[in-house]
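Data block below; observations after.
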């Protein structure tokens, strides 16, 4: 092997390439040749430095191939392009014609605030693309991203990761198979099934969307899902979600689910807040309560709200309950009861639902109306209905006959989904149709009393308990008139009744109510319902 002084090198080579494509050797402590082993190479050792265009390459030693305009370099590789890009490794192959650099072993590429680490890296200077195939890591000021295959553009700061992609942040992690990420904007583009986890507090599942890893704002498409460990879940065709503020806006086919309260809000527009598990939906809004798997409750309104309310109980312990509010054109269906009203409020603390503005509630063949109605639940089942102010109950006997009861207040008691007792107080009035043993109607019985208690068996009136001061008249059916067959507050609104879960969305014209209430909620009366067997009461059998 011959060794020549370095200055000879600068006088002997001439290449047919244009000067702008040539790789220039700028320095080497030693220049040598080995015609037998490396006939086309210049062997360089000690503080070796090359230049190609605006790029500089440094190494401990190298083989320089003038004819092919390429370099194979070894030891302490340093590749510098401008003042924003530098690469390091143990071995480098560089082709000046294709402008392709290949770095191997202990590779690091630095671009502004971004660092790429891998064991094997290709860098194409024509396209400003760096890519690896055997696993690599990209770090910027916020995130650490790992994958088996990766590509990074130093021109656009855009990175593409594939296979076992993992993004690590101080607050969350990304796991996916393919991810687009911009190191300058910190914006991630979700293009396949992706899981984002915030310390097990919140998890996002999405296959399509964008996520700003700096502001933690995201736009999620294609039925993405956001879940919280407190039981709240958000689903929609489109979700605008900000983790820092705990706010989400949902569009089209949305679901806001609370797994602890066993309820779900549906609609086409909604908003939700992590604080207090607040949320509302509108545009075909629906609430489904599913605490009883075999008997769900379905409710529709123009707008449905749900919110967790915190309070301190009698033992001084902090606790909470869920509150539901429904506004305008409320319709609900449950197998055991159905209702309509203009607004409704319910809470899990007292297990009640209060109906306002022309409410009507049905159970089996019975209809209850009043100025306001409260439903009381025990163990998730309807226990009794309380109506106050022009309280009116009616049930259909046949096409023309209706049992009726009215007063200031009314309690309808239910057991195993069946009405078994009705209490009426405050100027109580009734119209009912006693029957013979064969089921034929005897006549029309009208009564007035301060208290009335009605007992039912097998969905029929069994007997009625009155005060001793009760007045009443039994009219033969053929001698009865409209006036004694119908109380002043009578109306029958079966046409408004939701008959199925889908029927809650049916628009129905409100049945005309009586123009004058039969009894005002403000009138004085004893607020306690009568008790069977108490002094001053008498019983009337209906058959």
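The values are calculated or read from the model by the stated rules, or taken from the named source; none is laboratory data. What you are looking at is a predicted structure, and each value in this text was computed from that prediction instead of being measured. Counting neighbours? That spans all protein chains shown, and the Cβs are built from the backbone with ideal geometry, glycine included.
Among the residues of region 102-116, those identified as buried (at least 19 other Cβ atoms within 10 Å of the Cβ) and free of Cβ contacts under 8 Å to residues at least 40 places away in the same chain are 103, 107, 116. Residues that are assigned to a strand (DSSP E or B), free of Cβ contacts under 8 Å to residues at least 24 places away in the same chain, more than 19 Å from residue 210 (Cα to Cα) and under 34 Å from the mean Cα position of the chain (by Cα) within region 131-150 comprise 137, 149, listed in sequence order. Checked against the criterion of being in a loop (DSSP other than H, G, I, E, B), modelled with pLDDT of 95 or more, within 25 Å of residue 264 (Cβ to Cβ) and more than 16 Å from the chain's Cα centre (by Cα), region 183-206 contains one or more residues that satisfy it.
Restrict the check to region 407-430 and report whether at least one residue is under 16 Å from residue 491 (Cβ atoms), surrounded by fewer than 23 Cβ atoms within 10 Å (Cβ to Cβ) and within 45 Å of the chain's Cα centre (by Cα). No - not one qualifying residue is present in region 407-430. Looking for something in contact with a helix residue (DSSP H, G or I) (Cβ under 9 Å, 6 or more places away or on another chain) and farther than 24 Å from residue 141 by Cβ - is there at least one such residue anywhere in region 70-81? The answer is no, given that none of the residues of region 70-81 is in contact with a helix residue (DSSP H, G or I) (Cβ under 9 Å, 6 or more places away or on another chain) and farther than 24 Å from residue 141 by Cβ. In the condition set (1) farther than 23 Å from residue 346 by Cα; (2) out of contact with any helix residue (DSSP H, G or I) (no Cβ under 7 Å at 6 or more places or on another chain); (3) assigned to a strand (DSSP E or B), residue 376 is compliant with all but (1).
Within the bounds of region 33-49, is there any residue that is under 60 Å from the mean Cα position of the chain (by Cα) and surrounded by fewer than 19 Cβ atoms within 10 Å (Cβ to Cβ)? Yes, the conditions are met somewhere in region 33-49. Among the residues of this structure, residue 370 does not count as one that is in contact (Cβ under 8 Å) with a residue 24 or more places away in the chain, in contact with a strand residue (DSSP E or B) (Cβ under 9 Å, 6 or more places away or on another chain), buried (at least 24 other Cβ atoms within 10 Å of the Cβ) and over 22 Å from residue 490 (Cα atoms).
The set of residues in region 478-504 being within 29 Å of the chain's Cα centre (by Cα) and either surrounded by 14 or more Cβ atoms within 10 Å (Cβ to Cβ) or within 17 Å of residue 399 (Cα to Cα) (or both) consists of 498, 501, 503, 504. Within region 72-86, being more than 15 Å from residue 124 (Cα to Cα), touching a residue at least 40 places away in the same chain (Cβ under 8 Å) and part of a strand (DSSP E or B) holds for no residue. Could you go through region 154-170 and let me know if any residue there is buried (at least 17 other Cβ atoms within 10 Å of the Cβ), part of a loop (DSSP other than H, G, I, E, B) and at positive phi. There is at least one residue in region 154-170 that is buried (at least 17 other Cβ atoms within 10 Å of the Cβ), part of a loop (DSSP other than H, G, I, E, B) and at positive phi.
Determine which single condition residue 272 fails, assuming it passes every other condition in (1) under 29 Å from residue 291 (Cα atoms); (2) touching a residue at least 40 places away in the same chain (Cβ under 8 Å); (3) surrounded by fewer than 21 Cβ atoms within 10 Å (Cβ to Cβ); (4) in contact with a strand residue (DSSP E or B) (Cβ under 7 Å, 6 or more places away or on another chain). Residue 272 satisfies all of (1) under 29 Å from residue 291 (Cα atoms); (2) touching a residue at least 40 places away in the same chain (Cβ under 8 Å); (3) surrounded by fewer than 21 Cβ atoms within 10 Å (Cβ to Cβ); (4) in contact with a strand residue (DSSP E or B) (Cβ under 7 Å, 6 or more places away or on another chain) except (3). Scoring residue 300 on the criteria (1) surrounded by fewer than 20 Cβ atoms within 10 Å (Cβ to Cβ); (2) in contact with a helix residue (DSSP H, G or I) (Cβ under 7 Å, 6 or more places away or on another chain) leaves a single failure, condition (1). Within region 444-488, the residues that satisfy the criterion of being at pLDDT below 85, farther than 16 Å from residue 425 by Cα and part of a loop (DSSP other than H, G, I, E, B) are 458, 459, 480, 481.
Entry remark, region 307-349: residues being at pLDDT 95 or above and touching a helix residue (DSSP H, G or I) at 6+ places or on another chain (Cβ under 7 Å) number 4 in total. Just so you know, in region 123-138 the residues that are surrounded by fewer than 17 Cβ atoms within 10 Å (Cβ to Cβ) and touching a strand residue (DSSP E or B) at 6+ places or on another chain (Cβ under 7 Å) include one that is farthest from residue 75 (Cα to Cα), and it is 128. Residue 212 passes every criterion in (1) touching a residue at least 40 places away in the same chain (Cβ under 8 Å); (2) farther than 22 Å from residue 134 by Cα; (3) touching a strand residue (DSSP E or B) at 6+ places or on another chain (Cβ under 7 Å) apart from (1). A single member of 352, 360 is surrounded by fewer than 18 Cβ atoms within 10 Å (Cβ to Cβ) and in contact (Cβ under 8 Å) with a residue 12 or more places away in the chain, and it is 352.
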